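Asker: Mind having a look at this structure? Questions to follow.
The values are calculated or read from the model by the stated rules, or taken from the named source; none is laboratory data. Bear in mind the structure is a predicted one, so any value in this text is a computation, not a measurement. Cβ: placed from backbone, ideal geometry, glycine included. Neighbour counts: every protein chain shown. Accessible surface is based on the protein model in full, side chains and every heavy atom, while ligands, DNA and RNA are left aside. Shrake-Rupley method; radii C 1.70, N 1.55, O 1.52, S 1.80 Å.
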Amino acid sequence: MSDNLHSPSSRSGPFALARTLAWLRLCAIAGQSVAILSCVTLLNLDIPLLPLMMGVCVLAVFAAAASFRLGMPWKVTEGEAIVHIAADTLLLGYLLYFTGGASNPFVTLLLVPIALSAAALSIAGVSLVAILTGVAYVLLVPYHLPLPTLGSSSLDLDLYVAGMGVNFVIMAILLGVFISNLAKAIRHQQGEVQRVRERALRDEGILAIATQAAGAAHELNTPLSTMRTLLPEIRREHAADDALGDDLELLQGQVDRCRTILREMVAFGQAQLSQVPERITLDEFIHGCMERFQLLRPEAEVTLEVADDAARLRLRSPPGLRHALINLLNNAADASAMNDSATVSLAIRRDDRWLELIVTDEGPGFDEFDDLGTLGLSQKATGLGIGLALAEATAERLDGELAASNTGHGAQMRLRLPLSVIGDPA
């Protein structure tokens, strides 16, 4: 559940702000400790060491508690992020009270929470943060302990200028790093939105094709039944014609095959609606796919390579995976045929996290790898551009990926699927 709550989609929200504040808090503890000890030991400034170090210790305790909280699965709300900012502002104001208040060059650090919250919170949240920091600054003007001097106005001025320089560097680094991370998060989110939009358009096209296919399957059942009825009669009428008999027998087999495909389409739709995966060993799954493919493309010469540790793997095979693999094999056979070859190879590999189905052909390869899974875009002159789109949609639905590459003597499609999704622990 925590993965959903703290997903990349929340990189610029309250959780991102709270996480950034946690890192800044650690830097502030180290920087404040060094600054306080340097003022006491190197500059011999008469500052209240004990109250200042107590404030740093309180900040350290709060930092530990906040870091522990961020590791919990609960969602970080905007109100909680504002509470973090309020605590940091209160502790910073406490330290500034003992070191000159508004006259301290580091008082401008009160602006950092406003800059950070502006990119992560709502307008109401940013307004509340601005009010908190504004009240802290106003209170520090009359209420503070004066900052000790070095006894010389020129040395005091040099120290003040040096403090302003250090403060400028700190502000520049903080704002630069945060804005850079924010821009990166925004670009990432824009890319995610674009990918989601493209997937939605593709899935809409696939749904339209599926609807048409369902209607076509229903209509095809009638002429197929007619042909199954007429073919035996024609064979009886021309029983003496052996050549025609062989052709009619082949036609009978093809008609039966069409009816089987229609039944499988209906069964696939029912299985897809039930969302019940098929539990089967990888070896049985692959050989079932190979039998289907050999019936579809009897001329293809398939080389099968299955790793020993993969053959015994048990799968929770979703209904679409079998069709995705057959589509890849069919595309590979078409590609090899373009170079007058019938060779297609299928290699199965696995590691601790992934199962890889690698289909290689001996075709001309891909000219480009962009938009390989775009619906309607085919690398073949007679292709419909559906096979790769369906295979890629299946891979994405299973949290996997479909990658294409050229091998020098053909093309290779690599379907990678996480074992956590398709592996059967039983």
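Asker: As an exercise: evaluate Ala337 against (1) among the hydrophobic types (A, V, I, L, M, F, W, C); (2) open to solvent by 20 Å² or more (accessible area, probe 1.4 Å); (3) touching a strand residue (DSSP E or B) at 6+ places or on another chain (Cβ under 6 Å) and give the number of the one condition it does not meet.
Answerer: Condition not satisfied by Ala337: (3).
Asker: Here's another thing I want to ask about it. Based on this model, can you work out whether Leu128 counts as modelled with pLDDT of 90 or more, on the phi < 0 side of the Ramachandran plot and of a type in the set (A, V, I, L, M, F, W, C)?
Answerer: Spelling it out, Leu128 is indeed modelled with pLDDT of 90 or more, on the phi < 0 side of the Ramachandran plot and of a type in the set (A, V, I, L, M, F, W, C).
Asker: Looking at Leu45, Leu24, which one is modelled with pLDDT under 85, surrounded by 13 or more Cβ atoms within 10 Å (Cβ to Cβ) and among the aliphatic types (A, V, I, L, M)?
Answerer: Leu45
Asker: For segment 176-183, check the following and say yes or no: at least one residue is loosely packed, with under 11 Cβ neighbours inside 10 Å and closer than 15 Å to Ser103 by Cβ.
Answerer: Within segment 176-183, none of the residues are loosely packed, with under 11 Cβ neighbours inside 10 Å and closer than 15 Å to Ser103 by Cβ.
Residue-by-condition table, conditions (1) touching a residue at least 12 places away in the same chain (Cβ under 8 Å); (2) polar (S, T, N, Q):
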{"position": "Asn44", "(1), (2)": "no, yes"}
{"position": "Phe62", "(1), (2)": "yes, no"}
{"position": "Ser67", "(1), (2)": "yes, yes"}
{"position": "Ile82", "(1), (2)": "yes, no"}
{"position": "Phe98", "(1), (2)": "yes, no"}
{"position": "Ser103", "(1), (2)": "yes, yes"}
{"position": "Leu111", "(1), (2)": "yes, no"}
{"position": "Ala118", "(1), (2)": "no, no"}
{"position": "Leu121", "(1), (2)": "yes, no"}
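Asker: Can I ask one more? Would you confirm, using the coordinates I've provided, whether Arg349 is in contact (Cβ under 8 Å) with a residue 12 or more places away in the chain and under 25 Å from the mean Cα position of the chain (by Cα)?
Answerer: yes
Asker: Separate question: I'd like to know if segment 280-292 contains one or more residues that are at pLDDT below 80 and either open to solvent by 60 Å² or more (accessible area, probe 1.4 Å) or more than 37 Å from the chain's Cα centre (by Cα) (or both).
Answerer: Looking for residues that are at pLDDT below 80 and either open to solvent by 60 Å² or more (accessible area, probe 1.4 Å) or more than 37 Å from the chain's Cα centre (by Cα) (or both), one finds none in segment 280-292, hence no.
Asker: Of all residues being among the hydroxyl-bearing types (Ser, Thr, Tyr) and surrounded by fewer than 18 Cβ atoms within 10 Å (Cβ to Cβ) in segment 384-423, which is farthest from Arg197 (Cα to Cα)? Just the residue, please.
Answerer: The selected residue is Thr407.
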